[in-house]
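Read the structure below first, then the notes.
The values are calculated or read from the model by the stated rules, or taken from the named source; none is laboratory data. Remember, it's a predicted structure, so these values are computed and weren't measured experimentally. Glycine also receives a Cβ, built like all others from the backbone with ideal geometry; neighbour counts cover every protein chain displayed. When the accessible area is computed, the model is the full protein with side chains, heavy atoms only, and any ligands, DNA or RNA have been set aside. Shrake-Rupley method; radii C 1.70, N 1.55, O 1.52, S 1.80 Å.
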Amino acid sequence: MCGRYALSSPVQALEVQFEAEAQVLLAPRYNIAPTTPVPVVRNGGAGRILVLHRWGLVPAWSREPGAGAPMANARSETVAEKPAFRGPFRRNRCLIPADGFYEWRAVPGGKQPFFIRAAEGVLAFAGLWDRWEGPEGTLDSCTILTTAAQGPMARIHDRMPVILAREAYAQWLDPATPPDVLKGLLRPCPEAWLRMHPVDRRVGSVRNDDPGLVEPLPGEPFDA
DNA sequence: CCAGACGTTGTT
DNA sequence: GTCTGG
DNA sequence: CCAGACGTTGTT
DNA sequence: GTCTGG
């Protein structure tokens with residue numbers, strides 16, 4: 001699963017890695033939660049753009065945005081069939097940049113959060129977006145695809161975000177890519193792309209947002 | 001035909 | 001919007 | 001994802 | 001316990 005992540009890389013670095021034109025300014029964020037606006041890379045009029053979408057998909061046919069359960073994630077195994085995701089899977093695919101993401105492991109007496117970061121550069125989550133239009137205006141929203149966790153990740157949690165290689169960005173974003181090719185991209189990424197370590201429980205509260213959240217927790221036994 | 005649903009996760 | 005259930 | 005809230009009535 | 005907010 002992926003329900004909290006961090007992105008502090010400068011927007012210029014994102015423009016280079018994703019070959020996209022940023023249409024927003026970004027402040028560093030170390031505790032990004034569902035329902036907040038997040039940067040996504042998607043096709044714009046003339047090329048790739050980096051824009052903000054609400055994290056938690058609101059389908060175009062929703063009666064009220066915010067009604068119904070939050071859809072921060074979509075299972076990659078069923079995304080092509082589920083009514084809420086099928087349309088966006090065909091037409092509205094996006095990349096969601098992240099330095100890394102948090103997962104919580106149940107331990108006696110509570111939950112221990114871990115930060116799983118990119119071994120190098122910035123991660124690209126596979127995402128979908130949709131546009132809801134109501135009387136009050138337009139809401140662009142997005143969701144992060146998940147897949148089975150593999151390797152050391154699996155000791156913390158059984159799901160993880162789909163993370164794409166740079167070589168896959170164009171295929172994922174191209175509306176003409178056949179569904180069977182897309183499905184081939186929806187796999188757990190190689191273990192070598194990730195590093196992980198326990199972090200302070202402060203990350204649990206979304207009110208906390210500082211660089212200390214992603215730092216390794218001193219003295220914490222780490223057998224993941 | 002119309003009405004109603006449309007999601008994931010973790011925990012028990 | 002599109003599918004399912006009645 | 002976790003943290004935090006969770007309510008009505010009548011009176012001013 | 002369950003929903004809402006971030």
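When you look at A:R105, is it within 11 Å of DNA strand B (Cβ to nearest atom), open to solvent by 10 Å² or more (accessible area, probe 1.4 Å) and outside any strand (DSSP E or B), yes or no?
No, not satisfied.
Being in a loop (DSSP other than H, G, I, E, B), within 16 Å of DNA strand E (Cβ to nearest atom) and open to solvent by 10 Å² or more (accessible area, probe 1.4 Å) is the filter here; which residues of region A:37-70 pass it?
Across region A:37-70, the qualifying residues are A:S62, A:R63, A:E64, A:P65, A:G66, A:A67, A:G68, A:A69, A:P70.
Taking A:I116 as the residue in question, decide whether it is away from DNA strand D (no atom under 13 Å from the Cβ) and not in a loop (DSSP other than H, G, I, E, B).
So A:I116 fails the test.
Suppose the filter is surrounded by fewer than 17 Cβ atoms within 10 Å (Cβ to Cβ) and either modelled with pLDDT of 95 or more or touching a Lys or Arg at 6+ places or on another chain (Cβ under 7 Å) (or both); does A:A170 pass it?
yes
Can you run down the residue pairs with Cβ atoms below 7 Å, 6 or more apart or on separate chains, where the first is in region A:109-123 and on the phi > 0 side of the Ramachandran plot and the partner is not aromatic (F, W, Y)?
That search, which allows pairs on different chains as well, returns A:G121/A:Q17.
Restricting the search to region A:88-102, which residues are open to solvent by 10 Å² or more (accessible area, probe 1.4 Å) and out of contact with any Ser or Thr (no Cβ under 9 Å at 6 or more places or on another chain)?
Within region A:88-102, A:R90, A:R91, A:N92 meet the criteria.
Going through region A:71-98 one residue at a time, which ones are farther than 24 Å from A:A20 by Cα, more than 16 Å from DNA strand E (Cβ to nearest atom) and not in a loop (DSSP other than H, G, I, E, B)?
A:R75, A:P83, A:A84, A:F85, A:R86 - these are the residues of region A:71-98 that are farther than 24 Å from A:A20 by Cα, more than 16 Å from DNA strand E (Cβ to nearest atom) and not in a loop (DSSP other than H, G, I, E, B).
Restricting to region A:4-36, what's the tally of residues that are within 16 Å of DNA strand B (Cβ to nearest atom), open to solvent by less than 70 Å² (accessible area, probe 1.4 Å) and of a type outside the set (A, V, I, L, M, F, W, C)?
3
Looking only at residues in region A:190-218 that are away from DNA strand B (no atom under 16 Å from the Cβ) and part of a strand (DSSP E or B), which one is surrounded by the most Cβ atoms within 10 Å (Cβ to Cβ)?
Applying the filter and picking the extreme gives A:L194.
Considering only residues of region A:177-189 that are open to solvent by 80 Å² or more (accessible area, probe 1.4 Å) and modelled with pLDDT of 90 or more, which is farthest from A:P161 (Cα to Cα)?
Result: A:K183.
Condition first: at pLDDT 95 or above, outside any loop (DSSP other than H, G, I, E, B) and over 30 Å from A:G219 (Cβ atoms). Now tell me which residues in region A:148-164 satisfy that.
Correct list: empty.
So which of A:P28, A:P34 is away from DNA strand D (no atom under 16 Å from the Cβ) and under 30 Å from A:R155 (Cβ atoms)?
Result of the check over A:P28, A:P34: A:P28.
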